[in-house]
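Data first, discussion second: the structure below is written as structure tokens.
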Amino acid sequence: VSPTIKMNLKWVLFIFVVTLSVTIISSLSQASLRVVASYKHDPTAFTEGLVYANRRFYESTGLNGRSSVRVVEPLTGKVIQMRKMKNELFGEGLELVNSTLFQLTWQENIALAYDVSTLRLKKTFYYEGQGWGLCYDRKSHLLVMSNGSSYLTFRDPFTFESLYSLHVLKEGEPVDNINELECVNGMVWANIWLTDAIFGIDIQSGEVKVEIDGSRLLSREEKKDVDVLNGIAFDFKSKSKSSSRLGPFYLTGKFWPKIFKVFFD
């Protein structure tokens, strides 16, 4: 092959790579976070999972000896029902499917299934690896689970069997530390551990489509005694009909004094 042809091929390859890079970058959009209300939240709760349904918050809290699943009255922040976990268990992600609450554990490899009305333990499931976040995709009727890696695992809600995994990428790079989850209309909205970011992940491709900055939710003074942003729930009964905004969502964090009602614009 002549030097001229080689040079032309190099330029074609270079242009293709640059074009591909631009396409990947431009597919990621930034959304703003609009707060419309805030509510009291137990500042001693190490929030690991949050669900909004039946005009109640269902919350999973973590730490050994302090983990629980609880029902919270939104307007007052009052805990109206609580089931403490065994001291050796560390509570993690939470999701509601029909009348069953599923709660993950961090390193104990078990998921607990409760009756949503009584918090009575109905069943225990076993899985491999760590448990972090959990949500339910209403289209596929599958649970979506994170484990702190860059993979999401799709599970059967009846057996908790792992069916397949999805690799999550942002601009072509793996996204680690995927934490609390909420599934809404073909997207998995995820807190990213140790950051104030919320990522909108395409549930089919695994590509991060939207990035939201949650760093301004708390004031500087409120941030002094808290841990990370972790807790995202969607109100399916009151969802916005506007195509330009998504919500309402409820956001909180570990040891946060507030839960915020927000829209993504």
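Once the chymotrypsin sites (Phe, Trp or Tyr not before Pro) in DSSP loops with at most 14 neighbouring Cβ atoms within 10 Å are cut out of the chain, the longest remaining piece is 1-157. The gain in end-to-end length when the H167 to E73 segment is fully stretched comes to 30.2 nm, 0.36 nm per residue minus the alpha carbon separation.
With the Cα gyration tensor of the chain giving a ≥ b ≥ c as the square roots of its eigenvalues, does the rule (a/c under 1.5 for rounded; else a/b larger than b/c for prolate; else oblate) give rounded, prolate or oblate? Cα axes put the chain in the prolate bin.
The trypsin sites (Lys or Arg not before Pro) of the stretch 126-179 that meet both conditions, a loop assignment by DSSP and at most 11 other Cβ atoms within 10 Å of the site Cβ, are K139. Remark: the K84-V36 segment gains 14.1 nm on full extension, using 0.36 nm per residue and subtracting the alpha carbon distance. The gain in end-to-end length when the N177 to T118 segment is fully stretched comes to 18.0 nm, 0.36 nm per residue minus the alpha carbon separation.
Considering only T159, T47, T105, the Gaussian network model of the chain with Cα springs below 10 Å gives its largest mean-square fluctuation to T159.
In Å, what Kirkwood hydrodynamic radius results for the stretch 32-114 from the alpha-carbon pair distances? Across the stretch 32-114, the inverse of the average 1/r is 13.2 Å. The residues neighbouring L163, those whose beta-carbon lies less than 10 Å from its own, together hold a net charge of -1 under the Lys/Arg +1, Asp/Glu -1 convention.
Enter the accessible area per residue of the chain (Å², integer; probe 1.4 Å; all protein chains in place). Display every interim value, and only then the final one.
Values: 13470 Å² over 265 residues.
Each residue of the chain exposes 51 Å² on average to a 1.4 Å probe.
For the chain, modelled as a GNM whose springs connect Cα atoms under 10 angstrom apart, the maximal fluctuation among Q107, Q30, Q204 occurs at Q204.
Among the GluC sites (Glu not before Pro) in the stretch 207-265, those located in a DSSP loop and surrounded by at most 10 other Cβ atoms within 10 Å of their own Cβ are E221.
In terms of solvent-accessible area of protein heavy atoms at a 1.4 angstrom probe, what is the ranking of V79, V72, highest value first?
I get V79, V72, largest accessible area first.
Of the accessible area of the stretch 161-265, with the probe set at 1.4 angstrom, what percent is carbon plus sulfur? Kindly include the intermediate steps, with their values, before the conclusion.
Values: 2200 of 4790 Å².
The C+S portion of the solvent-accessible surface of the stretch 161-265 is 46 percent.
Among L166, L229, L143, the residue with the largest mean-square fluctuation in a Gaussian network model of the chain, with springs joining Cα atoms closer than 10 Å, is L166. The C-alpha atoms of the chain define a longest principal axis, and helix 3-26 lies at about 20 degrees to it. If r is the Cβ-Cβ distance from S205 to D235 and R0 is 22 Å, what FRET efficiency results, to the nearest 0.05? Computed FRET efficiency for S205 and D235 comes out at 0.25.
The modelled label-to-label distance between L63 and K224, using points 7 Å beyond Cα along the C-beta direction, is 1.9 nm. For the stretch 182-265, applying the loop criterion from DSSP together with a ceiling of 13 other beta carbons within 10 Å to the trypsin sites (Lys or Arg not before Pro) yields R216, R220, K237, K241.
The values are calculated or read from the model by the stated rules, or taken from the named source; none is laboratory data. Computed from a predicted model, the values in this text were never measured in an experiment. Note: ideal-geometry Cβ built from the backbone for every residue, glycine included; neighbour counts use all protein chains shown. Note: accessible area is taken over every heavy atom of the protein model, side chains too, but ligands, DNA and RNA are not part of it. Shrake-Rupley method; radii C 1.70, N 1.55, O 1.52, S 1.80 Å.
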